[in-house]
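Accompanying notes for the structure given below.
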Amino acid sequence: YFANKIINYAKKKNNFKMLEIGGGYGGLSKILLSFGKNITYFSIDLLEGCFVQYYFLKKAGLKVNLVNESKDIKKNQINLISFDKSLKIIKKIGKCDFVFNSRSFSEMNINTMNMYSNIINNFVKPNYIYHENSNFLLFPKSKRHIEILGKEIKFNKKYNLEYCNISPFCGGSGRYREFFYKKI
C-alpha cells in the first residue's frame, strides 16, 4: 500500500532519494527497489533493526549497505544508518525527495521526535513527507506508555498538510491516520 503510493512520486524523478525513519525489517525498501528505478534509499533504525534489514534485504538479492560514515553512502542502493550515527551522517546526505515513517514517530519521546523534525526541516528538506501514526492515545493515563499523536508531529511552515486519512491497517479502530505533507 505505502510502496504503491510512494512509487508514483518516484516515477517522476530520474534519481529518487528517499529517507525512511524506522525501516522495520526492510519490506518497503525491498518493494520500492524491485521496481528497477534509480532509487537511493536511506533507512534509519536502531542498530539491531539495521542488522535485521541487512539480512532480509541481502537474502532478497538487493544491494544493501551498512553506513558507518558518510563516505560509505552508495547511490542507487539501500543505505542502512544506525540511529546512534544518524545525525552526523544525515547532515551529509542533503536533500531527499521523500521522507516516510510508519508508526514509530508516535513511539518516540518528544526530544527524539524534535531531533527528527529538525533533520527533516533543515537538512533533508524533502518535497513530500508521508507518515502513519496514532490518532488517539492507547493508554491516556499511563505514565510509562507515552505516545505522540500524529497530528502533534510538526514540520515547518514550508509544508502543507495535503490530506489526513484513516489508515487501512488499523483493524477498524481508527487508531492510526496517514498524514501526507507537500512542500509549498
If we keep only residues of the stretch 9-23 that are touching a residue at least 24 places away in the same chain (Cβ under 8 Å) and open to solvent by 40 Å² or more (accessible area, probe 1.4 Å), then the residue farthest from the chain's Cα centre (by Cα) is N14
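Just name the residue that is nearest to the chain's Cα centre (by Cα) out of those in the stretch 24-55 that are in a loop (DSSP other than H, G, I, E, B) and surrounded by fewer than 20 Cβ atoms within 10 Å (Cβ to Cβ).
Filtering the stretch 24-55 for residues in a loop (DSSP other than H, G, I, E, B) gives 24-26, 34-38, 46.
Now drop any that are not surrounded by fewer than 20 Cβ atoms within 10 Å (Cβ to Cβ), which leaves 24-25, 34-38, 46.
Numbers: G24: 10, Y25: 13, S34: 18, F35: 19, G36: 20, K37: 19, N38: 18, L46: 13 Å.
Here the answer is G24.
State yes or no: is K58 surrounded by fewer than 15 Cβ atoms within 10 Å (Cβ to Cβ) and touching a residue at least 12 places away in the same chain (Cβ under 8 Å)? Reasoning before the result, please.
Details: surrounded by fewer than 15 Cβ atoms within 10 Å (Cβ to Cβ): yes; touching a residue at least 12 places away in the same chain (Cβ under 8 Å): no.
It is false that K58 is surrounded by fewer than 15 Cβ atoms within 10 Å (Cβ to Cβ) and touching a residue at least 12 places away in the same chain (Cβ under 8 Å).
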Condition set of a type in the set (A, V, I, L, M) and without any contact (Cβ under 8 Å) to a residue 40 or more places away in the chain, scope the stretch 103-119, selection most open to solvent (accessible area, probe 1.4 Å): answer is I110
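If you scan the stretch 90-114, which residues turn out to be of a type outside the set (K, R) and within 11 Å of H131 (Cα to Cα)?
Just the residues of the stretch 90-114 that are of a type outside the set (K, R), to begin with: 90, 93-94, 96-102, 104-114.
Selection gives F98, V99, F100, N101, S102, S104, F105, S106.
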Of K91, K74, the only residue that is in a loop (DSSP other than H, G, I, E, B) and without any contact (Cβ under 8 Å) to a residue 40 or more places away in the chain is K74
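The values are calculated or read from the model by the stated rules, or taken from the named source; none is laboratory data. All values reported here derive from a predicted model rather than from experimental measurement. Because the Cβ atoms are built from the backbone with ideal geometry, glycine has one as well, and the counts that use them run over all protein chains shown. The accessibility values were calculated without ligands, DNA or RNA, using every heavy atom of the protein model including side chains. Shrake-Rupley method; radii C 1.70, N 1.55, O 1.52, S 1.80 Å.
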